[in-house]
Amino acid sequence: MTTSVDGVPVPAATAGPARPRSRRELLRVLLAPAAALVLTPVVAASWPTDPHPDPTLAGPGSGFAFDEVYRGRRIQGVPTRTGGRAAAVDPRWQVTVDGRPLHLMRRADGTWLSMVDHYRSYPTPLEAARAAVDELGPGEQLRDTGEGDGGTEQGGHHGLHA
Amino acid sequence: MAYTRKDVTTLTASERRRFVNALLEIKRRGEYDEFVRSHIDYYVSDGEGGLRTAHMAPSFLPWHRRFLLDLENALRRVDSSVTVPYWDWTRARSVGAAPWTKDLLGGNGRKSDRQVTTGPFAYSTGNWTLKENITDSRFLTRDLGRAANPIELPTKADVDGALSEPVYDVSPWDSTSNRGFRNRLEGWGTGRGSAAWRTHNRVHRWVGGEMLGGASVNDPVFWMHHAFIDLVWTRWQQRHREHRYLPAEPPGPGSRQYRRVVARHEKLPPWNVTPDQLEDVGRIYRYA
């Protein structure tokens, strides 16, 4: 396994799992500011909150932070302005459902999919979060891995294990 | 000698029982959950960095072909007569018939919480407790046909449309590739309508519950679905004998897909095997 300049694992002469070299390191950088926002309402409130963003107005980052109760579930999302140069115009997102991280992934066309609803995508992180709630049964909660695995990240998902 | 993968609707009572028992045994040993975990770990989306192998990439088909072979080998270590049956959802479209019978996969989830309560994979049997999952649910769930917002299974016309594609895959080799056999079969489209999720993707949505999420392998129908996807690939290969897996060569440093897709002669993680080596499986198995 070799690693390219932006830390993305790439295929090498010997095959191996495509995993970030140091996931914890990546998450520490990625999650620290986001965690602060989620846990500090005063700071979080400084983000513009629009529960019904117009996707046509949204840039490639797909809208604003959100915090709403949808079908009895509290869904919150904040763009995280970390993660390298590209994040300045194309932020990653930290999304939770009832406080538990919902892993979102980005498609090449700019749409979003979640770990719960993995075989289609949605125009915004908010719509992806609502669609995930639609799929949760009564009392069913996202598995809280304790690793803050709710961001969008480079590479596959990890830390989802029992 | 090559073994045969059969249409699930044609299995005898004995074949059904042996297939189910082999699944339950590898679940008991903990092997099954390794497959669930692997599928979660190798789902890399194309709007993010990193090498994509299992989805939104040309190697969607060979990755799942090898994944199926690994599962099938695990089953055959338990019972050498077992092979993975395929579910031809263009024909077997009834929720009351195979594979949704009590002696195979059990039926739909119940209304209240979508829990599968019939058949050998019902939670109450104690034999199929979910360990690797996206949520804290421990029981298998299904929502066949999506009761709240119904959809139909893909049709023969959808499969024929994919089979008519003369080229295996096209640049940019991802979920936005609007031509090519691979994405026509994988089923990524654009927009909000149902055209945005077709064929392979649509079947995951039609089954619903566990099959909708990253831990879709928790539902054994995953293997029957992917055996049929694999069968369709063999049909495409027979129809377009002059066409091969693409890309033949890795995208260059100037490409956005540089080091993000697996070319024909590159190793396909997590295995020490190339798409080229997985194209012809005629000596391992065939489809009845």
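The values are calculated or read from the model by the stated rules, or taken from the named source; none is laboratory data. No experiment lies behind these values; they were computed from the predicted model shown. Here the Cβ positions follow ideal geometry from the backbone for every residue, glycine too, while neighbour counts run over all protein chains shown.
Any residue at all in the stretch B:269-285 that is assigned to a strand (DSSP E or B) and on the phi < 0 side of the Ramachandran plot? Even if it seems obvious, please write down each step before you answer.
Going residue by residue through the stretch B:269-285, those that are assigned to a strand (DSSP E or B) are B:285.
If we keep only those that are on the phi < 0 side of the Ramachandran plot as well, we get B:285.
Yes - at least one qualifying residue is present in the stretch B:269-285.
Scan the stretch B:33-40 and give yes if some residue there is without any contact (Cβ under 8 Å) to a residue 12 or more places away in the chain and either within 16 Å of B:Trp233 (Cα to Cα) or of a type outside the set (Phe, Trp, Tyr) (or both), otherwise no. Step through it out loud before you land on a result.
Within the stretch B:33-40, the first condition is being without any contact (Cβ under 8 Å) to a residue 12 or more places away in the chain, and the residues that meet it are B:34.
The next check asks that each one be either within 16 Å of B:Trp233 (Cα to Cα) or of a type outside the set (Phe, Trp, Tyr) (or both); those that pass are B:34.
Checked the stretch B:33-40: at least one residue is without any contact (Cβ under 8 Å) to a residue 12 or more places away in the chain and either within 16 Å of B:Trp233 (Cα to Cα) or of a type outside the set (Phe, Trp, Tyr) (or both).
With respect to B:Thr141, determine if the residue is more than 28 Å from B:Gly50 (Cβ to Cβ), facing chain A (nearest Cβ under 8 Å) and within 21 Å of the chain's Cα centre (by Cα). Show your work before the answer.
Numbers: more than 28 Å from B:Gly50 (Cβ to Cβ): yes; facing chain A (nearest Cβ under 8 Å): yes; within 21 Å of the chain's Cα centre (by Cα): yes.
It is true that B:Thr141 is more than 28 Å from B:Gly50 (Cβ to Cβ), facing chain A (nearest Cβ under 8 Å) and within 21 Å of the chain's Cα centre (by Cα).
Restricting attention to the stretch B:250-286, which residues are over 21 Å from B:His55 (Cβ atoms), surrounded by fewer than 17 Cβ atoms within 10 Å (Cβ to Cβ) and away from chain A (no Cβ under 12 Å)?
Hits for the stretch B:250-286 are B:Gly252, B:Gly254, B:Asp280, B:Gly282, B:Arg283, B:Ile284, B:Arg286.
Could you identify the single residue in B:Asp33, B:Asp41 that is of a type outside the set (Gly, Ala, Ser), farther than 20 Å from B:Thr125 by Cβ and within 14 Å of chain A (Cβ to nearest Cβ)? Lay out the reasoning, then the answer.
On the way: B:Asp33 fails: farther than 20 Å from B:Thr125 by Cβ.
Step by step, each of B:Asp33, B:Asp41 is checked, and only B:Asp41 is of a type outside the set (Gly, Ala, Ser), farther than 20 Å from B:Thr125 by Cβ and within 14 Å of chain A (Cβ to nearest Cβ).
To keep it simple, each residue is scored yes or no on (1) in a helix (DSSP H, G or I); (2) of a type in the set (Asp, Glu); (3) surrounded by fewer than 21 Cβ atoms within 10 Å (Cβ to Cβ).
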residue	(1), (2), (3)
B:Arg16	yes, no, yes
B:Leu23	yes, no, no
B:Ser38	yes, no, yes
B:Leu51	no, no, no
B:Leu61	yes, no, no
B:His64	yes, no, no
B:Phe67	yes, no, no
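Scan B:Ser216, B:Ser194 and give me the residue that is at pLDDT below 95, out of contact with any strand residue (DSSP E or B) (no Cβ under 9 Å at 6 or more places or on another chain) and surrounded by fewer than 24 Cβ atoms within 10 Å (Cβ to Cβ). Steps first, answer last, please.
Numbers: B:Ser216 fails: at pLDDT below 95.
After applying the criteria, what remains is B:Ser194.
Which condition from (1) surrounded by 23 or more Cβ atoms within 10 Å (Cβ to Cβ); (2) part of a helix (DSSP H, G or I) is the one that B:Glu34 breaks?
Here B:Glu34 clears every test but (1).
What are the residues in the stretch B:73-116 that are out of contact with any helix residue (DSSP H, G or I) (no Cβ under 7 Å at 6 or more places or on another chain) and buried (at least 18 other Cβ atoms within 10 Å of the Cβ), if any?
Across the stretch B:73-116, the qualifying residues are B:Trp100, B:Gly106, B:Gly107, B:Asn108, B:Val116.
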